[in-house]
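Quick note: the coordinates plus some simple rules give every number you see, no bench work behind them. Keep in mind that what you see is a predicted model, and the values were worked out from it rather than measured. Don't worry about glycine lacking a Cβ; one is built from the backbone with ideal geometry, like all the others, and counts go over all protein chains shown.
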Amino acid sequence: MDPGMLSVEDWQARLLALRLMWLCLILAFTAAGSLVIAHAVIPSAVDSGTLSKKFNKFRLPLYLTGIFAFVLDVAVFLYALSLAQGIISDIYPSFWQ
């Protein structure tokens, strides 16, 4: 196999895949943080008396944010994986056999 020069489109596809992977990381931290706060921190702090019961109203928006970030993270990851599959098959042609 003779390596060739990458075209502008090749570089753009690799850059897009890399940016999407960074977006996946940010979305994963967003989903995990909001779900942990909504499901563990707020109920525990309200039960122990550290926070007042009015903080329970923040749980629903945090759950919705966490679920939305998780679903978006999975969708972006699958799209980035489809881009990366083309990149990997260009570099290693027998990898997917």
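Data overview
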item	result
Leading residue at positive end of dipole, the chain (Cβ point charges), from Val76, Val8, Thr65	Thr65
Order of Leu81, Leu25 - criterion: other Cβ atoms within 10 Å of each residue's Cβ, fewest first	Leu25, Leu81
Taking N as its residue count, the alpha carbon Rg of region 19-91 over 2.2 N^0.38 Å	1.52
Efficiency of FRET between Ile26 and Leu83 - r from beta-carbon atoms, R0 22 angstrom, step 0.05	0.80
Taking Ile88, Ile37 and counting other C-beta atoms within 10 Å, the order from fewest to most	Ile88, Ile37
Per-residue [θ]222 nm for the chain (sum of -39500 (n - 2.57) over DSSP H runs n ≥ 4, rounded to 500)	-25000 deg cm²/dmol
Net dipole in debye of region 19-91 [+1 Lys, Arg Cβ; -1 Asp, Glu Cβ; about Cα centre; nearest 20]	420
